[in-house]
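Have a look at the structure below before the remarks.
The values are calculated or read from the model by the stated rules, or taken from the named source; none is laboratory data. Bear in mind that the values here come from a model prediction, so they are computed numbers and not experimental data. Reconstructed Cβ throughout: ideal geometry from the backbone, glycine too, with neighbour counts over all protein chains shown.
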Amino acid sequence: MAISVAIIGSGPSAFYTADALVKSGIPCTIDMIERLPAPFGLIRYGVAPDHESTRKVSRSFDKTARGGGMTFFGNVEVGRDVSLAELRQVYDAVVLAIGAPFDRPLEIPGADKKGVHGSAAFVGWYNGHPDFRNLDPDLKVKAAAVVGVGNVALDVARLLVRDRKELEATDMADYAVEAICASDITDVYLLGRRGAQHAAFTIGELREMGELDQASPVIDAASLPTNFDDVAEEDRRIRQKMVEMLRGFAGLPQGKPKRVHFRFNCAPKEVLGGDRVEGLRVERMRTEGGRALGTGETEDLPVGLVVAAIGYRSPKIEGAQFDEKKGLYPNRGGVIEPGLYAVGWAMRGPSGVIGSNKIDGQTVAKTIVETLAPGTKPGRPALEELLAKRGVGLTSYAEWLKLDAAEVARARPGAPRGKFYAVEEMLKVIGRG
Ligand SMILES: Cc1cc2nc3c(=O)[nH]c(=O)nc-3n(C[C@H](O)[C@H](O)[C@H](O)COP(=O)(O)OP(=O)(O)OC[C@H]3O[C@@H](n4cnc5c(N)ncnc54)[C@H](O)[C@@H]3O)c2cc1C
């Protein structure tokens, strides 16, 4: 009997797992269960809209989906429509590819004020994710702080200072384009607790900050390190290159209407104001042996918006052991326990690039094939029966293609697509509303 595999989620880690299972040549049935009618996870809802070329990785996922080796069950949420225990009863293998969609909270006084957002919510908002389309951040402020020094922080800072022409050429949600264009933001502060040598920017993303039409990067060259002893040897060359790029920013002519200020050794201490953000108190830090230590010296930044890009957590699904501290599923090489696996951000936490998920998928697929063939459980027919009994309106990949075509057809001129934001709206477009 073929091995029956249920993959929960349809982001990169899910598709790479499915692809590796198909390519193994071992008889298996693969069902991909996604809570939204649209597939591709953060490729659709995380990757910055002005990085359309990165999104093109979904073409290879589309090939896997159309190849006949897997079935897409959209609009089915594990934990709501079907439990993990039920899936494990009917599938030989269940793979958690559910990502890490929840923000790690900014734990400082005042972080509950209006105008403080996590980057998962903020990015989901501008990318038209159904969960965050109503976030409605107030951008009628003059300055914003983005806490964090990784690529997500760069994405948020960059998009806040782009102009209408640049944004309209992307698939950014209409409401977000309007809000950003109507915004008064001229200054964005990017804050890192430790020295610049510990920032997690990639070179390509950082380079863009020096090439923006409307904004100049601002950095004090004296704040940059010349000593890299506290950086792991394997990372040293790339971090030196990154710091040299930042040093180059310090020499760029200013004069553009907006600015992105890079502040390293600078930790947020308190969000200031009444109900809403009126400022952010930061403390100057010093980095010793790779650790940030406070100096007691503070400064109040005049910001009206704070976006915290300080990491993510996986959703907790009942029936699988969960590491509350790390926000992921403890595993060995993707194995949580025999028959239950994790890949991607649910396995490793939120790190690496899209391609990192490929290794996870291949590793887990290999383990499944080597340890579970031949299969013993019925898989798909049992799931279909269960969902039908519960009246769950699942959607197919063919229906996603219909939605995809409708989004492409309604795109702004020059933009790749115009997303539908609400699940009800998506269902209506595919004739299920
Ligand atoms: C803002 C942002 C920008 C990024 N930009 C880049 C970039 O430019 N380049 C790059 O290389 N990497 C980028 N990344 C990283 C990349 O997106 C991740 O490596 C990758 O998406 C992780 O894949 P995943 O499959 O683990 O999770 P995800 O892509 O998050 O997919 C998880 C899927 O599971 C579904 N799901 C969750 N819970 C359930 C449930 N209970 N039932 C059913 N389905 C469920 C979700 O709806 C989602 O579709 C970015 C990440 C972020 C956050």
Residue list for region 332-355, restricted to those being within 13 Å of the ligand (Cβ to nearest atom) and in a loop (DSSP other than H, G, I, E, B): G334, V343, G344, G349, P350, S351, G352, V353, I354, G355
Please verify whether region 49-60 includes one or more residues that are in the same structural domain as K377 (by TED's automatic domain parsing), out of contact with any Gly (no Cβ under 6 Å at 6 or more places or on another chain) and buried (at least 23 other Cβ atoms within 10 Å of the Cβ). yes
Just name the residue that is farthest from A100 (Cα to Cα) out of those in region 320-331 that are assigned to a loop (DSSP other than H, G, I, E, B) and away from the ligand (no atom under 14 Å from the Cβ). Q321
Determine the pairs where a residue that is modelled with pLDDT under 95, located within region 3-22, has a partner that is within 14 Å of the ligand (Cβ to nearest atom) with Cβ atoms under 9 Å apart, the partner being 6 or more residues away or on another chain. none
Can you pull out every residue in region 140-166 that is more than 16 Å from the ligand (Cβ to nearest atom) and not small (G, A, S)? K140, V141, K142, V161, D163, R164, K165, E166
Region 274-314: number of residues that are closer than 19 Å to P225 by Cβ and either within 16 Å of the ligand (Cβ to nearest atom) or polar (S, T, N, Q) (or both): 2
For residues that are among the acidic types (D, E) and touching a residue at least 12 places away in the same chain (Cβ under 8 Å), scanning just region 353-405, find the one that is farthest from E86 (Cα to Cα). D404
Assuming I317 fulfils every condition listed in (1) within 16 Å of the ligand (Cβ to nearest atom); (2) modelled with pLDDT under 95; (3) touching a strand residue (DSSP E or B) at 6+ places or on another chain (Cβ under 8 Å); (4) not small (G, A, S) apart from one, which condition is it? (2)
